[in-house]
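Undergrad: Before anything else, here's the structure in question.
The values are calculated or read from the model by the stated rules, or taken from the named source; none is laboratory data. In this text the structure is predicted, and so the values were computed from the model without any measurement. Neighbour counts are summed over all protein chains in view; Cβ atoms, including those assigned to glycine, are modelled from backbone coordinates with ideal geometry. These accessible areas exclude ligands, DNA and RNA; they are computed on the full protein's heavy atoms, side chains included. Shrake-Rupley method; radii C 1.70, N 1.55, O 1.52, S 1.80 Å.
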Amino acid sequence: MQLLPQVRRHKHQYLAIAPAMLTILLVVGYPLLYNMVISFFGRGEDWSSFVFVGAINYLKLFKSSSFWRVVAQTVAWAIGSVSLQFALGLIGALLMNRPFRGRGIVGGLMLLPWTSSFAVAALVWKWLFHPQLGAINDILLRLGLISQEINWFANPSTAMAAVIIANVWKYFPFMMTMLLAGLQGIPQQLYEAAAIDGATAWDAFRHVTMPQLSPVIAVSLLLAATWAINAFSIVYLMTGGGPAHTTEILPVYIYRLAFNAFDFGPAAAASMLLFVAVLVISVFYLRMLNREGD
Amino acid sequence: MRVAKGTMNIIGQILRYLAIACLLFVALFPYFWMISTSFKPMAEYFAHPLRWLPKDWTLQHYKDVLNGTFVKSFANSLKVSLSVTLVSIVLSLSASHTFARGKFPGKNAFMLMILGIQFLPMVVFISPLYFVMQRFDLVDTLWAIGIADIVLVLPLSVWMLTGYFRNIPVELEEAAAIDGCSRLGVLFRVAFPVALPGVAATAIFGFITTWQEYMLASIFSSSVASRTVPVALAYFEGEMFVDYGGLMGASTLMSLPVVLLFIMFNRQFQKGLVAGAVKG
């Protein structure tokens with residue numbers, strides 16, 4: 001077999017990356033392709049046989065109101081999670097930016113939620129939100145913020161709030177670490193120049209801190225949003241998508257289609273749509289980043 | 001005026017410390033509650049008003065957990081996490097080094113692809129992986145979970161290690177090459193040792209990722225034989241009755257390895273988080 005001259009020139013490098021890249025191609029690429037193919041098939045007589053149905057799975061999804069409800073819920077979940085993570089992370093980063101005694105330990109302790117397993121986070125928070133035995137209601141009652149126990153998982157809005165809170169708890173340390181690193185990369189001279197120009201602390205924040213931080217903010221928001229949109233375990237383990245599918249975000253919906261209803265075709269179609277959505281968001285975002293970065 | 005400013009500063013300081021304490025409380029309270037519940041006898045769960053610390057500390061929950069199937073799940077998780085991490089690191093070493101140093105056609109495409117994989121929703125894999133595992137009769141074995149976890153860990157390892165290798169000054173490797181070191185030799189004798197903290201951080205990240213993975217693990221395991229710890233945790237919730245004590249005890253046990261690793265490698269962890277996400 002005649003190798004292209006370029007391939008031959010870089011033979012060593014291609015060999016070096018081959019084990020990893022071939023494995024990735026196999027373990028990632030093949031299932032991805034398989035999923036795309038399945039999305040054009042529907043159920044046959046029994047649950048393991050398939051019939052080619054073309055684009056019907058996609059059409060059915062677009063016409064299905066429950067699909068769009070799930071999309072809306074996913075968007076609400078993502079916006080809620082990411083904005084709260086950002087707020088908490090920014091506050092934390094600003095607080096941690098100035099050195100104080102024990103800062104290293106405090107910083108490390110603040111990262112603990114990030115290291116928790118999804119299952120642990122979900123189930124511990126589920127226990128915390130227990131209507132009668134949970135600590136959250138206990139704290140709210142003691143503080144006098146509520147007069148009666150909230151049945152968190154019985155109402156769509158409180159259930160969504162509960163899962164968002166759990167998710168924010170797990171992820172805000174990431175945001176905080178990123179923003180803190182960004183803050184510490186801002187040259188001190190900029191602040192000094194601003195002070196000479198008579199800027200107040202708030203002015204400095206608006207005109208020095210935020211602009212300098214914007215690339216880090218952009219990357220962090222993108223990652224946080226993608227992780228939120230792709231999230232499965234926390235919601236599934238806390239509410240199972242309930243009550244009545246009102247906290248069902250796309251990944252949970254897809255899982256239910258595949259393994260409760262055994263509707264693998266539509267599940268694959270929905271997951272391809274999710275994949276494309278995430279891809280589009282990321283590309284769009286990254287392009288925006290590139291334009292600003294220069 | 002000067003006195004007022006000084007007082008303002010002190011008030012500002014106090015507010016800061018208070019705010020930090022609040023944030024710390026938020027971060028740690030769930031862990032505290034988890035551990036406290038695990039040492040509380042079940043009767044005390046129903047106490048009114050709710051007690052935060054157990055009155056009668058008990059080890060019963062831990063005894064129950066350790067006598068049950070949880071130990072097998074723990075062992076399974078260890079096996080999977082350790083082997084997947086090892087395999088991923090070994091596979092990524094030469095690839096990452098090449099990506100960090102080399103220039104060859106297609107390099108950017110490969111790197112972009114690896115970056116893109118981070119954004120893939122894992123749900124895309126559940127149907128195809130399930131069918132593949134079925135065909136090879138691997139459902140309900142640790143192999144299925146291991147292979148599925150490689151999907152998660154390998155691209156991330158390549159990405160992170162590439163970043164770490166890039167940070168090594170080229171001169172070190174060039175000096176070794178001048179001294180007659182072969183290409184592989186440069187990798188193992190110079191690059192790898194210098195990047196060891198980075199390799200460690202990548203390994204820990206990989207371990208933690210597989211340790212806590214729930215979705216794929218739940219699909220592939222139908223019996224205790226192949227159950228991993230996250231899936232086992234979900235089993236503490238019965239139809240009628242939830243064994244909260246056991247659940248919290250098991251959760252505490254499950255969190256131990258991660259917290260331990262974290263305490264040991266705290267600084268690398270923090271650096272790794274930022275580097276892994278911002279690099280490139």
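Undergrad: Find all pairs meeting these conditions: Cβ atoms under 9 angstrom apart; at least six residues apart or on different chains; first residue within segment A:83-96 and within 11 Å of chain B (Cβ to nearest Cβ); second residue surrounded by fewer than 17 Cβ atoms within 10 Å (Cβ to Cβ) and among the charged types (D, E, K, R).
TA: Note: pairs meeting the criteria are A:Leu95/B:Arg16; A:Met96/A:Arg103.
Undergrad: Could I ask something else about it? Restricting attention to segment A:45-65, which residues are touching a helix residue (DSSP H, G or I) at 6+ places or on another chain (Cβ under 8 Å) and part of a helix (DSSP H, G or I)?
TA: Within segment A:45-65, A:Asn57, A:Tyr58, A:Lys60, A:Leu61 meet the criteria.
Undergrad: Could you list, ordered by first residue, the pairs with Cβ atoms under 6 Å in which the first is in segment B:95-123 and more than 7 Å from chain A (Cβ to nearest Cβ) and the second is open to solvent by 40 Å² or more (accessible area, probe 1.4 Å), at least 6 apart or interchain?
TA: Qualifying pairs under 6 Å: B:Ala100/B:Arg166.
Undergrad: Suppose we filter segment B:240-280 for residues that are modelled with pLDDT of 70 or more and either more than 19 Å from B:Ala203 (Cα to Cα) or more than 9 Å from chain A (Cβ to nearest Cβ) (or both); how many remain?
TA: Residues that pass the stated criteria total 19.
Undergrad: From the list A:Thr226, A:Thr209, exactly one residue is open to solvent by less than 60 Å² (accessible area, probe 1.4 Å), hydroxyl-bearing (Ser, Thr, Tyr), closer than 19 Å to A:Phe86 by Cα and at the interface with another protein chain (Cβ under 10 Å from one of its Cβ atoms). Which is it?
TA: The unique qualifying residue is A:Thr226.
Undergrad: Being free of Cβ contacts under 8 Å to residues at least 60 places away in the same chain, part of a loop (DSSP other than H, G, I, E, B) and of a type in the set (Phe, Trp, Tyr), is that true of even one residue in segment A:97-109?
TA: Yes - at least one qualifying residue is present in segment A:97-109.
Undergrad: Something else now. Of the residues A:Val53, A:Val71, which is more than 9 Å from chain B (Cβ to nearest Cβ), modelled with pLDDT of 80 or more and more than 29 Å from A:Thr247 (Cβ to Cβ)?
TA: Among A:Val53, A:Val71, only A:Val53 is more than 9 Å from chain B (Cβ to nearest Cβ), modelled with pLDDT of 80 or more and more than 29 Å from A:Thr247 (Cβ to Cβ).
Undergrad: Here is a follow-up. May I ask you to list the residues in segment B:133-148 that are part of a helix (DSSP H, G or I), more than 7 Å from every other protein chain (Cβ to nearest Cβ) and either surrounded by fewer than 24 Cβ atoms within 10 Å (Cβ to Cβ) or out of contact with any helix residue (DSSP H, G or I) (no Cβ under 8 Å at 6 or more places or on another chain) (or both)?
TA: Selection gives B:Met133, B:Gln134, B:Arg135, B:Leu142, B:Trp143, B:Gly146.
Undergrad: While we're looking at this one, here's another question. So which residues in segment A:142-169 are open to solvent by 60 Å² or more (accessible area, probe 1.4 Å), free of Cβ contacts under 8 Å to residues at least 40 places away in the same chain and part of a helix (DSSP H, G or I)?
TA: A:Arg142, A:Ser157, listed by residue number.
Undergrad: Looking only at segment B:19-63, count how many residues are in a helix (DSSP H, G or I) and more than 17 Å from A:Trp169 (Cα to Cα).
TA: So the answer is 13.
Undergrad: Let me ask another. Since B:Tyr214 meets every condition but one in (1) modelled with pLDDT under 90; (2) open to solvent by 10 Å² or more (accessible area, probe 1.4 Å), which condition does it not meet?
TA: Single failed check for B:Tyr214: (1).
Undergrad: I'm checking my understanding of the structure. Among residues of segment A:229-247 that are at positive phi and touching a residue at least 60 places away in the same chain (Cβ under 8 Å), which one is surrounded by the fewest Cβ atoms within 10 Å (Cβ to Cβ)?
TA: A:Ala244
Undergrad: Moving on to the next point. Mind listing just one residue for me: the one in segment A:1-44 that is modelled with pLDDT of 85 or more and in a loop (DSSP other than H, G, I, E, B) and, of those, nearest to B:Ile147 (Cα to Cα)?
TA: Of everything passing the filter in segment A:1-44, A:Ser39 is nearest to B:Ile147 (Cα to Cα).
Undergrad: Something else: Considering only residues of segment A:77-113 that are modelled with pLDDT of 90 or more and among the aromatic types (Phe, Trp, Tyr), which is surrounded by the most Cβ atoms within 10 Å (Cβ to Cβ)?
TA: A:Trp77
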